[in-house]
1. How would Val235, Val88, Val211 line up by accessible area, probe 1.4 Å, largest first?
2. What dipole magnitude, in Debye to the nearest 20, does segment 28-124 give about its Cα centre under +1 on Lys/Arg Cβ and -1 on Asp/Glu Cβ?
3. From the residues Val180, Ala191, Gln132, which one has its Cα farthest along the dipole of segment 132-209 in the positive direction, the dipole being from +1 and -1 charges on Cβ of Lys/Arg and Asp/Glu about the Cα centre?
4. Please list, in order along segment 26-40, the HN-Hα scalar couplings obtained from phi with the Karplus expression 6.51 cos²θ - 1.76 cosθ + 1.60 (θ = phi - 60°), rounded to whole Hz, x for Gly and Pro.
5. Ignoring ligands, DNA and RNA, please state the percent of accessible area on the chain from carbon and sulfur, probe 1.4 Å.
6. About its Cα centre, what dipole magnitude does the chain give when the only charges are +1 on Lys and Arg Cβ and -1 on Asp and Glu Cβ, stated in debye to the nearest 20?
7. Within 10 Å, at most 16 other Cβ atoms, and a DSSP state outside H, G, I, E, B define an exposed site. Report the longest part of the chain free of exposed chymotrypsin sites (Phe, Trp or Tyr not before Pro).
8. Check every DSSP H run in the chain and write down those whose alpha carbon atoms cover 15 angstrom or more along the long axis and whose mean Kyte-Doolittle hydropathy is 0.0 or greater.
Amino acid sequence: GNLFARGVSPFIDLGRDLRRPEARPAFHSLARDADRPYFTLLTLDRFEGEVWGATESTIDGDNTVDQLPRPEGLSDEIETVEHPIDIVVDEVRTTWLPVPYPTTSIEGLSGSWFWDDGSLTVRSVDTNTDGQRYRANRLVVEPTVGQLRGADPVGAERFAQFLALPEEMPPIIGQTTAAVTSGAVTPYDAAVAIQSFLRSTDFDYSTEAPVEAGYDGGGFDVIAQFLETKAGYCVHFASTMAVLARDAGIPARIS
């Protein structure tokens, strides 16, 4: 659909693709130890109330994929290990590369590819993903609950763009954030509380309910309706998680 055949759109509009009668292969991977990591193409970090978008940035020619940095804020005290993953692209044709997050290095690509500061997404200036076969060395990060709870709070100025929300929001959003995180002592506890709330049996995964009730998408009004109806698909869960996190003072973006 519009996400893959003609390149990745920075706007979340997956409902039509999820409701396709037949699935199409995007890419496949071979990993050790039954690894099934999340892959990312691009990061949506700009929210203006109606749609999520990706902040435009110029490519730094020094950011070659033979070595990627550690994610921002990842302490050397956190235990990590590298796992190689071999990836073959089937029907994704875009200048953004599917990679596990986080990745430390990539081998075997055709063309010139570079990583973006902060998000560590990978993109090309002279080719695309069509037919690419490559190996990504995934960084498996295993912090303890104690380390997450004891982490220093992030500075509001440092991550201001990931906290930004329009001034006016439907009341149910703030009310939900307050209710769900009321017992949270740390930002980690608040994040887990929001996640548990959205993963609870109160919510149903459905690609049809949003269409039938007219709240497809990821904007404020859609999130408000989703919180009322409690049925939706990945767009609704991800957008709601990010907005509730930001409302709770936790920097958040969608990848």
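The values are calculated or read from the model by the stated rules, or taken from the named source; none is laboratory data. For clarity, every value in this text was computed on a predicted model and none was experimentally measured. Backbone-built Cβ (ideal geometry, glycine too); neighbour counts: all protein chains shown. Ligands, DNA and RNA are excluded from the accessible area calculation, which covers all protein heavy atoms including side chains. Shrake-Rupley method; radii C 1.70, N 1.55, O 1.52, S 1.80 Å.
1. Numbers: Val235 5, Val88 25, Val211 70 Å².
Ranked list, largest accessible area first: Val211, Val88, Val235.
2. Values: 6 positive and 20 negative charges, 66 e Å.
Dipole size: approximately 320 debye.
3. Of Val180, Ala191, Gln132, it is Gln132.
4. Those phi angles translate into 8, 7, 9, 9, 10, 10, 8, 6, 6, 4, 9, x, 6, 9, 10 Hz.
5. Details: 6800 of 13950 Å².
The value for the chain is 49 percent carbon and sulfur by accessible area.
6. Working: 20 positive and 39 negative charges, 102 e Å.
Magnitude of the dipole: close to 500 debye.
7. Numbers: sites that count: Phe11, Tyr38.
Formally, the longest exposed-site-free interval is 39-255.
8. Details: long enough: 187-199 (18 Å, 0.42); 234-247 (19 Å, 0.86).
Those that clear 15 Å and a mean of 0.0 are 187-199, 234-247.
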